[in-house]
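See below for the structure under consideration.
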2 protein chains.
Amino acid sequence: MKKHFLITAGPTHEPLDPVRYLTNRSSGKMGYALAGAAAHEGHRVTLISGPCELDVPTGVDFIPVETAAEMYEAVKRYIGKSDIAIFAAAVADYRPAHVPDQKIKKTGDTLTIEFIKNPDILGSAREVFGYQGTLIGFAAETENVEKNARVKLQKKGCDFVVANDVSRKDIGFDSSENEVALIFAEHTEPLPKADKYQLSLDIIERALAI
Amino acid sequence: MKKHFLITAGPTHEPLDPVRYLTNRSSGKMGYALAGAAAHEGHRVTLISGPCELDVPTGVDFIPVETAAEMYEAVKRYIGKSDIAIFAAAVADYRPAHVPDQKIKKTGDTLTIEFIKNPDILGSAREVFGYQGTLIGFAAETENVEKNARVKLQKKGCDFVVANDVSRKDIGFDSSENEVALIFAEHTEPLPKADKYQLSLDIIERALAI
């Protein structure tokens, strides 16, 4: 049966001033591959994406955003219509507390910037948005990958979490390949290293089986 | 006569940890257009570029870098061989003072990060690298554009500075068009709004005339 997927992708940009911003490493390739694969399988797809340079997959409803706050608002607006939500975006956890209208001039030898927490989009799905569908998170970790991912699964109410070790240089981020493990509440399913499109097909299959 | 151009382009990425980084808005289009135009005119070109998604122009020696510190080292190494140096990169002025090996976990509601000044690449050309060739800087400003650009020209020992007002939404950054003014010590030459390749030809012509 055809489903409606909501997929987030890419980084977010958190402006410090009109020219500088904080962001996360993310090419958007994993989220775009998921969106393309789901659409190709005949599902309806809403893709909410931070800034990235990729072509929007054919047949996808595309919602471009810049900041985590904008992504939060877009997810809040669209998630209720979806059956399966996959949060593949690398959302910036923090944003600068104060954003001046003009470029900060480099007067001092040091610069201290206070950051405040961004809204937790994945964590809001169940508790704030009241989402009842299948919920899949991503965990990019550099240590204790499986343990951190399972904590995320439980805290956020996910059906499973796609975990990857971003300390490895051969996979992830800008690569077109990735090696991930699917973290369920009671077990872990490692997937073989594969290109992101093949991984997308596997993830979509597991999501549809829930 | 054919010359050797050194051109910097793109943003730099300043890591906060293995997944987060601070950067500047820059598509790299202006620097790549300059490099492509100079090479097309038959000049030798060394292009030192921060991370961007553009195709490297044909016939250009390409030196990819990530951080401002890496760009500084690359410019230091190659500038002595060039006749004309054009610094179009949007170099991050500051980098985090401490960069942990592992991803920062989002424990607190706020996060305070201390930044330290990056080396001033343009400002080092004359004073540190002893560069005697033609030196051209870029100034991206949001206010007092001409005044700030002329201060930069004088402090850094440039022959001219290409100034643009990045508060305007219709030009600059991701746009393929730009409207700039060339700031010389004694006068200002506004160039008409044009695509970045045409502007590149104008800038190269002025540089060759010095």
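The values are calculated or read from the model by the stated rules, or taken from the named source; none is laboratory data. Just so we're clear, the structure is a prediction, and the values are computed from it rather than from any experiment. In this analysis, Cβ positions are derived from the backbone assuming ideal geometry, glycine residues included, and neighbour counts consider all displayed protein chains.
So which residues in region A:1-20 are in a strand (DSSP E or B) and farther than 30 Å from A:PRO100 by Cβ?
Within region A:1-20, A:HIS4, A:PHE5, A:LEU6, A:ILE7 qualify.
Residues checked against (1) within 14 Å of chain A (Cβ to nearest Cβ); (2) surrounded by 24 or more Cβ atoms within 10 Å (Cβ to Cβ):
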{"site": "B:MET1", "(1), (2)": "no, no"}
{"site": "B:THR12", "(1), (2)": "yes, yes"}
{"site": "B:SER27", "(1), (2)": "yes, no"}
{"site": "B:GLY31", "(1), (2)": "no, yes"}
{"site": "B:GLY36", "(1), (2)": "no, no"}
{"site": "B:GLU66", "(1), (2)": "yes, no"}
{"site": "B:TYR78", "(1), (2)": "no, no"}
{"site": "B:LYS81", "(1), (2)": "no, no"}
{"site": "B:ALA89", "(1), (2)": "yes, yes"}
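Quick one: in region A:131-151, which of the residues that are free of Cβ contacts under 8 Å to residues at least 40 places away in the same chain and farther than 22 Å from B:PRO100 by Cβ is farthest from the other protein chains (Cβ to nearest Cβ)?
A:GLN132
Taking region B:154-167, which residues are outside any helix (DSSP H, G or I) and away from chain A (no Cβ under 11 Å)?
Scanning region B:154-167 gives B:GLY157, B:CYS158, B:ASP159, B:PHE160, B:VAL161, B:VAL162, B:ALA163, B:ASN164.
Right, A:SER176: surrounded by fewer than 21 Cβ atoms within 10 Å (Cβ to Cβ), more than 28 Å from B:ARG95 (Cα to Cα) and at pLDDT below 95 or not?
It is true that A:SER176 is surrounded by fewer than 21 Cβ atoms within 10 Å (Cβ to Cβ), more than 28 Å from B:ARG95 (Cα to Cα) and at pLDDT below 95.
Return the residue satisfying two criteria in turn: it lies in region B:105-130 and is touching a helix residue (DSSP H, G or I) at 6+ places or on another chain (Cβ under 9 Å) and of a type in the set (Val, Ile, Thr), and of such residues it is farthest from the other protein chains (Cβ to nearest Cβ).
B:VAL128
Here is a list of conditions, (1) within 20 Å of B:TYR21 (Cβ to Cβ); (2) without any contact (Cβ under 8 Å) to a residue 40 or more places away in the chain, and A:VAL99 meets all of them except one; can you say which number that is?
(2)
Restricting region A:91-104 to residues that are among the β-branched types (Val, Ile, Thr) and farther than 20 Å from A:PHE138 by Cα, which is nearest to the other protein chains (Cβ to nearest Cβ)?
A:ILE104
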